[in-house]
Structure formats: structure tokens, C-alpha cells
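Trainee: After the C-alpha cells below, expect a handful of questions from me.
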Amino acid sequence: MPSGGKPFIGTPTAGLDRNPCVAIFARTSDGVLRTIRERNPDEWHDRWEDLGPVTGDPAVAEDMGGCLHVFARNPNGELGMRRQQSPGGSWSPWQSLGGELAQGTKPAVVRNAWGDLQVVVRWQDGSLRTCRQRLETGWTEWKSLGGIAIQDPAVGVGRDGSLVVAHVGRDRAVYVSRQSVAALEHKWTFTNGRARDIGVGADGSVYVVGTDTDVPAGNGKIYRWSRSRWKLIGGFGMRIAADPKGNWWIVNTGNEIWGPNGKMPGFARDIGIGADGSIYIIGTNTDVPAGNGKIYRWSGSRWDLIGGFGMRIAVDPRGNWWIVNTGNEIWGPYGKMPGTARDIGIGADGSIYVIGTDATSGGNFGIHRWAGTRWVRVAGEGVAISVDPEGKPWVVKANGDIMRFEG
């Protein structure tokens, strides 16, 4: 695939977006980064797209939303980044992430244990520096990793979720550094109060079903988080979700479905709502394995049968359902997922967490986050989970404690 103009130099790189289509990135001798993308397997677009001037070879990675990000040293010696604005879509303008990169250096990039992109680069003085994506605040400041490298680094994620960086030192030996597991620990805060279930909306509204005893057995009253305390709303239920406008929706032990406009038609075991407003339920069907129900989607006037079955449901920002069934299998828009779970929660940013089947203590189970290709165990434990718009989980523990992730 010739460029149609200047010859290529350096080392090209390639990435696969969620469509899935491959995109290739390469420099030409005039210092311009160019890209070309598949239409279909082995069928390429007719011409290369000009992405602008760079002074080093590119690196590429896919984010949690399925969009490619390309990184390269810019003419000012800083790290430049462009990203697809949707999977396979148009490119954002160049964004400078700052830094003082060594001449001609190629960044190393990986999606870390939390699903955020993390970049490692070699600076002019040979030191290794890193910065990482934070969906709620953009990118962090550069942090030194120590050591002096005479060549560009390599980076990966270990089995325990730690970041592993390899580089060649001045003595030509290969050095490997690993982020301490302690650095991965989440900080959880007890929010006071007790609950049976929790739901977080795309607007950040957080609701719980309490552990009250003055309502029909198995239900709890509905409470909303008001920054420092749980405020009683009224009504009761067994399972709860929140829509993008901050309204609660519940399923009670009678399998009734209630929302902001009152009682809804039909019956359900669980309910999930996506950031796009899509509402799904797990029905009460008896022609599926016991404890499960078929999946239905609200059309605005009725529940439409979708197919499949499960016991717990969550919805991603694109309106796709994800379920956990009584066999603890996890299913999503791409079919059966690896691993096993008891509950699932998805944030408006696309972060996916599950309550696993790995027992911890006191009737609780481990928390795991989807890191693009596998589930990564994170600190904390619980029995029910939901995720806020910034990708931070909230959990209910077996004793009813309501825990909030603090980063």
C-alpha cells in the first residue's frame, strides 16, 4: 500500500477497533503521520489519511469504548495524541500531553488494569516517565518511574493487574520494574446505612433499597444519596436501577415493576438501565432454567422479548444488555464472556464490574473489572454492585454496608 507520495520511514504500527477493523499508522519522509483502515477484512480504503506532523514512530491502543488512540512525539518534543471520536469514526484534533521526550522516541502504551490507557516514554535525560488516562479528568501529570534507558521501553500488564515496564539500561542489561500491588488498591468509604441493592444513574444519582422491616418481607424502602446521607424517598422494592434523568425504577418481591410514572405492565426479577435510557428487565418466565427469566426491552409502550435469559442484568452506554445467569455465566453483546459472576454493573463511561464467585469473608465475594480482554481482581468485596458515570463502583456487602469507591 504505497503512500501515493513520499516514501515511508520508521516502523509502522497497527490497531484493531471495535467494529472490528484494522488501522495502520506510519510516517512518511516529510514527517507526516498517515493512516489507512480496512473497510472489510483484506479490503482497504483507497487512500491514506494525513494525521499531521510527528517526529517519532507512533503507538496505538484501543480504549474501553472501542476507539483507537494514536500517540507520537510532536514537533515540540511533547507527546501528541489523537483519538477516534467513535469506533472507526473521524479523528479528534491533536492533543498535547506535554513532556520532554527524547529525539525520535516511540511511546509504549497499554490499557491498564482499570481499563484506562497508560503511556510510558523516554525523556531527553533518558529517564522513564508515565501518565495515564482518567476518564473523569483527562490525563494525569507525568510521573517518574526511575532508571535511565538508552532505548525505548516496553510495557505490559501482569496477571495481578500490575504495570510491568522493561527497558535497556546504560550497561546494556534489560531491567524490569513492576508497579507494587499495593498501588492498585482501591480506597473504599462506608457511607452509613444498610441496603439490599444499589443502583446508580448516568447523571450520578445513587439509590438503594434499604433493609427496613416495616415493608413486605424481602423488600426495603427507597433511599437516595444526598452527598452526606441517605434520604428516604418513599416506596419499596427488592431490586433497583436509576435512569439518566435520576429517576428510580424498582422491582419488588411481588415481581411488580414501578418507575417514575407509577406501576408498569408486566413482571420482572431484575431491572437495568443504560446511559442512553434503554430499559431492560429479567422476566419471570418458567420455561427457562429455574431462577432465570427471559430478557425484555421497554419500547415505550410495552416490553419486547429480546431473547436469552439471566438472573441479573445491566446495560452499557450503547444500550446493550449484559447478564449473569444462575449458572454464574456472564453474557454480553459479543456472546459469552470469560469468568463467572453473581452480579454485574456498568457505568456511563463503559466501565464494567462484576461481583465474582470467589468467596472472601462474611458471605461476600470479590470485585472484578473488565480490562478489555480479561477480568482483573480489584480490592474490595460485596454482593451487589453498580457503577457511577466516572467508572467508580458502589457496592453493598453481605451485612448491608454500603461502600463507595474513592479512587
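Trainee: Expressed as a fraction of 2.2 N^0.38 Å, the rule-of-thumb size for a compact globular protein of N residues, what is the C-alpha radius of gyration of region 2-53?
Mentor: Details: Rg = 11.1 Å, N = 52, 2.2 N^0.38 = 9.9 Å.
So region 2-53 has a normalised radius of gyration of 1.12.
Trainee: Which of the lysines could a cross-linker span from residue 106 if the Cα-Cα distance has to be under 18 Å and same-chain partners fewer than 8 positions apart are dropped?
Mentor: 143
Trainee: If you place +1 on the Cβ of every Lys and Arg, -1 on the Cβ of every Asp and Glu, and leave all else neutral, what size is the dipole of region 1-109 about its Cα centre, to the nearest 20 Debye? Please report the intermediate quantities before stating the final value.
Mentor: Details: 11 positive and 13 negative charges, 24 e Å.
Using Cβ point charges on Lys, Arg, Asp and Glu, region 1-109 gives about 120 debye.
Trainee: Rounded if a/c is under 1.5, else prolate if a/b is larger than b/c, else oblate: which is region 1-98, with a ≥ b ≥ c the root eigenvalues of its Cα gyration tensor? Each step should come with its number before you reach the end.
Mentor: Numbers: a/c = 2.06, a/b = 1.13, b/c = 1.82.
It is oblate, given that a/c is not under 1.5 and a/b is not larger than b/c.
Trainee: Which of the three applies to region 188-405, rounded, prolate or oblate, going by the alpha-carbon gyration tensor with a ≥ b ≥ c and a/c under 1.5 meaning rounded? Don't jump to the answer; show the numbers that get you there.
Mentor: Values: a/c = 1.31, a/b = 1.01, b/c = 1.29.
The shape class here is rounded.
Trainee: Does the chain come out rounded, prolate or oblate by the C-alpha gyration tensor, with a ≥ b ≥ c the root eigenvalues, rounded set by a/c under 1.5 and, if not, prolate when a/b is larger than b/c and oblate if not?
Mentor: Numbers: a/c = 2.55, a/b = 1.82, b/c = 1.40.
Verdict is prolate for the chain.
Trainee: So which lysines pass the test for residue 245, namely a Cα distance under 21 Å, with those fewer than 8 places away in the same chain ruled out?
Mentor: Straight-distance partners of residue 245: 221, 231, 263, 392.
Trainee: Which ordering of 294, 397 is given by a fewest-first count of other beta-carbon atoms within 10 Å? Show your work: numbers first, answer last.
Mentor: Working: 294 18, 397 23.
With the sparsest Cβ surroundings first, the list reads 294, 397.
Bear in mind these aren't lab numbers, they're just calculated from the coordinates by the rules spelled out. No experiment lies behind these values; they were computed from the predicted model shown. Virtual Cβ from ideal backbone geometry, glycine too; neighbours counted across all protein chains shown.
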